[in-house]
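Note sheet for the following structure.
Bear in mind that the values in this text are calculations on the coordinates, not laboratory data. Since we're looking at a predicted model, the values are computed, not measured. Heads up, the Cβs are rebuilt from the backbone with ideal geometry, glycines too, and the neighbour counts pull from every protein chain shown.
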Amino acid sequence: MTTNQKVTTLESQLNDFNPTVRTEALQELLALAQEGEIELPPLAEVANMHCHTFFSFNGYGHSPTSLAWQARRRGIKLLGSVDFDVLDAVEEFLTACDRVGVRGSAGIETRVFIPEFASREINSPGEPGVYYHMGIGFTSSQAPASVAPILADMRRRAEARNKDMVACINAYLSPVSVDYEQDVLPLTPRGNATERHMLQAYTQAAERGAPDPAAFWADKLNLPLDQITAQIGDKPKFQNTIRAKLMKKGGVGYVQPGPQTFPNVEEFHQFIIACGALPCAAWLDGLSAGEQAIEELLALLIDKGAVALNIIPDRNWNIADPDQKRVKLQKLYEVVELAQKLDLPLNIGTEMNAYGQKWLDDFDAPELAPVRAAFLDGAYFIYGHTIAQRALGLGYQSDWAEIHLPSRRERNEFYAALGRRVEPGAVGRARLSQVNTAANPADILSLL
């Protein structure tokens, strides 16, 4: 076996559902790099702080360990994971980032209901009051006992929605159907299924059970056969077509959410803060009725405990239509300016929860030049909090931070500076661990 073949095999094993296989594969890859068999590029001043892992869904099937390794192979200096409704990736991801030498952070994403915006669509299209929301800067996959029921309830709600959707779609697609336990859950490493896992199960079921899958889908989706034939070989694109027709608003599997469908903001924030992590607002593109009132929305969320803002830059500037691009790019500039005014560090990235999404934003694009520094400041900030919490217990939500860094601006500046000073991995953590936890922020920075 050539070195290239061995590397390909090992990189595939990084995505095995068995965590021992993933750990051993990374160890072998690092050994090959140490021996000079794999060339790792210098780390660049770039970041992707919003990458879904296969614990919710990754468009390329990447595990937390695989994400960390692939980031190092690409020279990405800062990396953040996020998953829907679970913390399953946190410890594996942070450990893998340590081992490969990438500054890492870990988060969670869910949907909440905001009654104050009940009549306004925010960042979940077609669903007034429903809000994609995040927590960032977690350091453990285990939630404290006081809030563990909140995390369990988030997972339970998601599974209940999935099962209701499968029941509706099964009835419509008969005789093709899937069994949630037997066909959907085995596609996940730890049983946290998403719509994209269900789509995969349905396309596989149609391939098994329909005499002519293309004709079956053309009939059930009410689309021309030639369109289905053209798409069916492109699984990600075809699954998006099915998703739009069956699972989104107007589809047979769609149920309009209401105030009781999702947790409320206060409950989600209680869970995040108890974990020592940071409630993080999320912005789509500034065009919805709710996001046109972005100052009102952010003021409300800040009052409830939000301290950061997530943005997916690529969908707000990398746009073919020049008129749409001009509008969305201006909205991007405006929300970044507002975030800085409100002392909200930015958590930016590409999501990677659908095939075709980039590994990295184009940090050299002229359109991103005005916001590049803010993007990097935010990335260093969340890594700085993460490493301070892991090494010393002095993260953003600590009593120490409340005493020594009473304002959000002071905390933002300190943790960003710390993130720049402390190298990732065992050496950086050991160096930071020697700091006296009674020291003030200036003294800590002066020692690093």
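Structural descriptor for region 1-85: relative contact order 31 percent, calculated from alpha carbon pairs under 8 angstrom and at least 6 residues apart. If you plug the beta carbon distance of residue 338 and residue 274 into 1/(1 + (r/R0)^6) with R0 = 30 Å, you get a FRET efficiency near 0.60. Put simply, the Cα atoms of region 280-326 extend 38, 19, 10 Å along their principal axes, the longest span coming first. Look at where the Cα atoms of region 350-391 and of region 218-233 average out, and the two centres are 38 Å apart. Sorted ascending by nearby beta carbons within 10 Å, beginning with the fewest, 86, 307 become 86, 307. For region 18-27, backbone phi angles converted through the Karplus equation (6.51, -1.76, 1.60; θ = phi - 60°) give residue-by-residue couplings of 8, x, 5, 4, 4, 4, 5, 5, 5, 4 Hz, Gly and Pro being listed as x. Structural descriptor for region 152-247: relative contact order 23 percent, calculated from alpha carbon pairs under 8 angstrom and at least 6 residues apart. If the chain linking residue 436 and residue 358 were pulled fully straight, counting 0.36 nm for each residue of separation and taking away their Cα-Cα distance, it would gain 24.0 nm. Taking the centroid of alpha carbons for each part, region 164-179 and region 110-149 are 28 Å apart.
When 124, 56 are arranged by Cβ crowding within 10 Å, least crowded first, meaning fewest neighbours, the order is 124, 56.
I need the shape label for region 254-305. Rule: rounded when a/c is under 1.5, else prolate if a/b > b/c, else oblate, with a, b, c from the alpha carbon gyration tensor. Here region 254-305 falls in the oblate category. Using every pair of distinct Cα positions in the chain, the Kirkwood expression returns a hydrodynamic radius of 22.9 angstrom. Taking the helices alone, the chain has a mean residue ellipticity at 222 nm of -14500 deg cm²/dmol, built from -39,500 (n - 2.57) per DSSP H run of at least 4 residues and averaged over all its residues.
The per residue volume of the convex hull around the alpha-carbon atoms of region 157-290 is 156 Å³.
Here the simple spin-label model places points 7 Å from the Cα toward Cβ, and for residue 367 and residue 18 these points are separated by 4.5 nm.
Using 0.36 nm per residue and subtracting the Cα-Cα separation, the extra length available between residue 222 and residue 296 on full extension is 22.5 nm.
Ranked by how many other Cβ atoms sit within 10 Å of their own Cβ, fewest first, the residues 288, 407, 66 fall in the order 407, 288, 66. Modelled spin-label separation between residue 207 and residue 148, with each label point placed 7 Å from Cα along the Cα-to-Cβ direction: 4.0 nm.
Between residue 167 and residue 252, the simple label model (points 7 Å from Cα in the Cβ direction) yields a spacing of 1.6 nm.
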